[in-house]
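Participant: Below is the structure I would like to discuss, written out as structure tokens.
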Amino acid sequence: MKCAILAPLMWGVAACSSGVPVPSRPTPIVWADTLPIAEPPGRDIDEVLNLIRTSVSGEISDVIGFRAITGKHHEALNTDHFDDVVNSAWFIHRNARHRMTPEEIFRGPTTSEGPSEGPLTIVAAKVQGISPGYTIRDASGDRYVVKFDPKGFLYLSSGAGVISNRLLHAAGFNVPEDYIFTFATDQLEVDPDATVTDANFVEQPLTLQVARDALSRTDSLADGQYVAIASKFVPGPPKGPFLFNGVRRDDPNDHYVHEGRRELRGLNVVSAWINHVDMRFMNTMDAYVSPGFLRHYLIDFAATLGSGTIRSHEPREGLEYNFDFWDTFGRIFSLGFHRVGWERTDWVPIHPTIGWLPGEDFDPVQWKANWPNKAFNSMTDRDGYWGAKLVGSFDAEQIQAAVAAGSLPDAWAADTLAKILLTRRDKIVEYWYARVSPIESPALTTSPTDETALLFEDFGIRDRGWTAEQTSYTWQFEDSATGARQAGTAGPGAGQRLMIPELEGQPGRAAQTDDKYATVDILVERDGRAANRSATVYLRWTGTTYEIVGLTH
């Protein structure tokens, strides 16, 4: 039985790939998880029980579990022969592979201008709790979830929600159509069947007055209108959230345990970039879409960037779990004298539309979400680098376009937020691109003098981390079929081209028919400091020349 079939049942079993050359391993098939399936039922997951379980398992697993014994997690299960993922119901390659224009970034997943003009029918309302809002149906019949900014912080959560929506979409994840939305109270009407739960948790018919009273929890604009974020219902009936571990048993297309998926592991790095501290299962959704499969969405980005949804973020968020075992018990047993760095931070929100979001003080290594996440906690250096490539693909103009979609009314605030995101991007690139040798797009070329060279792209140079003059390469060629070996170096500024004599023609040699491949290990050095891991290019002899058949980092 193939490893790819066994993968959901064999999480953590190294035998699936140990000792098997990368080009000989099964590779995921593009769109294989979009095959038609029977429509599964919707599902509800107990939020409290799940948070307790993930908190306990997340804290304990690193103490007594696999990582404590081995010092590392094993690699993602769903990578292809070039250390990447294929397009699927989870992830679609966008900006990192095909550069998007600023206009495309600005539009993101949207297909219209948001709720149409005219009456807005409230079909459900949330007037209790910390974050009031409506579910509306516009004149076109489209449905949206509408949420408001907290008092004193207009555009804080709505702006953050739309900006992060645009960045996550361009990175490759499935997100709904989110809009900054303004409306007048006289547009509101109530569906006759709409109900609301009152303060005593009793369901009552919703009245227009009760719906309008919810607006007292936010501020109006100068012209008396209100601003909110409107998130359009995704196509197809919702089927509940997905988890960051295990598989969905009623989805035959769910081939890999979620903590073994590189998309979800690498999402940790993207979440750190946009400070998505509330990245948990309650902010995900599976939807049954045409022609009949589950598409996996990330939803609700109001608690990203500097927004804590109902207030500004605080320095603790992004540095400590809501229940962080060691720090919490340290405070208890030290009678409160145990203090960590964020507790000594003097801070105020940068701006009412930004909240609190560190730039120069951002540490991509220390960042963590509010709750343990098994996929995030399973991330390896290779997964982290993959996520960092998504972040590193954005340039300043693209980031500015995403920020512009948030409609922040203050030009200084918009410019400041874009600069903070650019700084956080650079710190992510600097850290994760140094954990591996960021070699991509290997290719073989033959010169007019019949010299064969290995060409490649160094993403550390491409994504503005280092210059060619700061960079050198150490390489080692080995062909297990012939026993040939050779090593060499390319000095600073030599370029992304390695001259390897052994790659030239070998008259009379037959094509390889077994799993013995030639490899070129390339170790990148920046200013004399070597990366933690080399990149390995796999080659197969065809009978006349080598061809590249794989890459790992």
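Participant: As an exercise, use a Förster radius of 22 Å and the Cβ-Cβ distance of Val202 and Asp44 to find the FRET efficiency, rounded to the nearest 0.05.
Facilitator: That gives a FRET efficiency of 0.60.
Participant: Could you tell me the ratio Rg/Rh of the chain? Both radii from Cα atoms, Rh via Kirkwood.
Facilitator: Radius of gyration over Kirkwood radius for the chain works out to 1.01.
Participant: So, for the chain, what is the accessible surface per residue at a probe of 1.4 Å, expressed in square angstrom?
Facilitator: 44
Participant: How much length, in nm to one decimal, is gained on full extension between Arg529 and Asp514, taken as 0.36 nm per residue of separation minus their Cα-Cα distance?
Facilitator: On the way: separation 15, 0.36 × 15 = 5.40 nm, distance 3.71 nm.
Full extension of this stretch gives 1.7 nm more.
Participant: Could you work out how much longer the chain between Arg99 and Asp415 gets when fully extended? Use 0.36 nm per residue separation minus the Cα distance between them, nm to one decimal.
Facilitator: Between Arg99 and Asp415, full extension yields 111.5 nm more.
Participant: Also, I was wondering about something else. Roughly how far apart, in whole Å, are the Cα centres of the stretch 383-433 and the stretch 97-173?
Facilitator: Each part's Cα centre sits 20 Å from the other's.
Participant: Please compute the modelled spin-label separation between Thr489 and Thr544, points set 7 Å along Cα→Cβ, answer in nm with one decimal.
Facilitator: Label-label distance for Thr544 and Thr489, simple model: 3.8 nm.
Participant: Also: When the convex hull of the C-alpha atoms of the stretch 210-280 is computed, what volume per residue in Å³ does it have?
Facilitator: Spread over its residues, the Cα hull of the stretch 210-280 gives 175 Å³ apiece.
Participant: Go ahead and run the numbers for FRET between Asn322 and Gln506, Cβ-Cβ distance against an R0 of 45 Å, rounding to 0.05.
Facilitator: So, using R0 = 45 Å, E works out to roughly 0.15.
Participant: Based on the Cβ-Cβ distance of Asp186 and Ser290, what FRET efficiency does E = 1/(1 + (r/R0)^6) give at R0 = 30 Å, to the nearest 0.05?
Facilitator: The pair Asp186/Ser290 has a calculated efficiency of 0.20.
Participant: Let me ask another. In degrees, nearest 10, range 0 to 90: what is the angle between the Cα axis of helix 156-171 and the longest Cα principal axis of the chain?
Facilitator: Approximately 30 degrees, to the nearest ten.
Participant: What does the extension gain come out to for Asp346 and Thr195, with contour length at 0.36 nm per residue minus their alpha carbon separation?
Facilitator: That pair, Asp346 and Thr195, stretches by 49.9 nm at full extension.
Participant: Mind listing the phi-derived Karplus ³J(HN,Hα) values for the stretch 74-88, rounded to whole Hz, using 6.51, -1.76 and 1.60 with θ = phi - 60°, and x for any glycine or proline?
Facilitator: Rounded to whole hertz, the list is 7, 6, 4, 8, 10, 8, 8, 6, 10, 6, 10, 10, 9, 4, 7.
Participant: Then there is this: What ³J(HN,Hα) values, in whole Hz, does the Karplus curve 6.51 cos²θ - 1.76 cosθ + 1.60 give for the stretch 99-110 when θ = phi - 60°, with x put for Gly and Pro?
Facilitator: Karplus values, whole Hz, x for Gly and Pro: 4, 8, 6, x, 5, 5, 4, 4, 6, x, x, 6.
Participant: May I ask for log10 I(q)/I(0) of the stretch 397-442 at q = 0.14, 0.26, 0.27 Å⁻¹, from a Debye sum over the Cα atoms as equal point scatterers with solvent left out?
Facilitator: Per q value, in the given order, log10 I(q)/I(0) is -0.47, -0.88, -0.91.
Participant: Give the accessible area for Trp466 in Å² (nearest 10); use a 1.4 Å probe, count only protein heavy atoms, and leave out ligands, DNA and RNA.
Facilitator: For Trp466, solvent-accessible area is about 40 Å².
Participant: Which lysines does Lys374 reach when only Cα atoms under 20 Å apart count, and residues fewer than 8 places away in its own chain are ignored?
Facilitator: Straight-line reach from Lys374, under 20 Å: Lys72.
Participant: Please report the projected area of the stretch 406-547's Cα convex hull averaged over all directions, in nm².
Facilitator: Working: hull surface 47.1 nm².
Result: 11.8 nm².
Participant: Enumerate the residues in the stretch 510-553 having an amide nitrogen under 20 Å from the point lying 7 Å beyond the Cα of Arg25 toward its Cβ.
Facilitator: What the label zone holds, given the 20 Å backbone N cut-off, is 514-523, 532-540, 548-553.
Participant: Turning to a different aspect of this structure: Once every DSSP H run of n ≥ 4 in the chain is given -39500 (n - 2.57) and the sum is divided by its residues, what mean residue ellipticity at 222 nm do you get, rounded to the nearest 500 deg cm²/dmol?
Facilitator: Helix-only estimate at 222 nm: -7000 deg cm²/dmol.
Participant: Under 23 Å from the Cα of Lys516, which lysines turn up, not counting those fewer than eight places away in the same chain?
Facilitator: Excluding near neighbours in sequence, the set is Lys2.
Participant: Treat each spin label as a single point 7 Å out from the Cα along the C-beta direction, and report the Ala139 to Leu444 distance in nm.
Facilitator: 6.5
Participant: Quick check: from the Cα gyration tensor, does the stretch 153-247 come out rounded (a/c under 1.5), prolate or oblate?
Facilitator: oblate
Participant: Helix 396-405 versus the longest principal axis of the chain: what is the Cα-based angle in degrees, 0 to 90, to the nearest 10?
Facilitator: The angle comes out at about 20 degrees.
Participant: Which trypsin sites (Lys or Arg not before Pro) in the stretch 492-530 sit in a loop by DSSP (not H, G, I, E or B) and have at most 14 other Cβ atoms within 10 Å of their own Cβ?
Facilitator: Counting only loop positions with at most 14 other Cβ atoms within 10 Å, the trypsin sites (Lys or Arg not before Pro) in the stretch 492-530 are Arg509, Lys516.
Participant: Still on this structure: Quantify, in whole percent, the carbon and sulfur part of the accessible surface of the stretch 399-543 (1.4 Å probe; protein heavy atoms only).
Facilitator: Carbon and sulfur atoms account for 47 percent of the accessible area of the stretch 399-543.
Participant: Once you place label points 7 Å from the Cα toward the Cβ at Gln476 and Val365, how far apart are they in nm?
Facilitator: According to this spin-label approximation, the distance is 2.6 nm.
Participant: Right, another one. Taking 8 Å as the Cα distance limit and 6 or more residues as the minimum spacing, I'd like the relative contact order of the chain as a percentage.
Facilitator: About 16 percent, as a whole number.
Participant: While we're on this one: Roughly how far apart, in whole Å, are the Cα centres of the stretch 523-553 and the stretch 211-228?
Facilitator: 58
The values are calculated or read from the model by the stated rules, or taken from the named source; none is laboratory data. Remember, it's a predicted structure, so these values are computed and weren't measured experimentally. Cβ: placed from backbone, ideal geometry, glycine included. Neighbour counts: every protein chain shown. Only protein heavy atoms, including side chains, enter the accessible area calculation; ligands, DNA and RNA are left aside. Shrake-Rupley method; radii C 1.70, N 1.55, O 1.52, S 1.80 Å.
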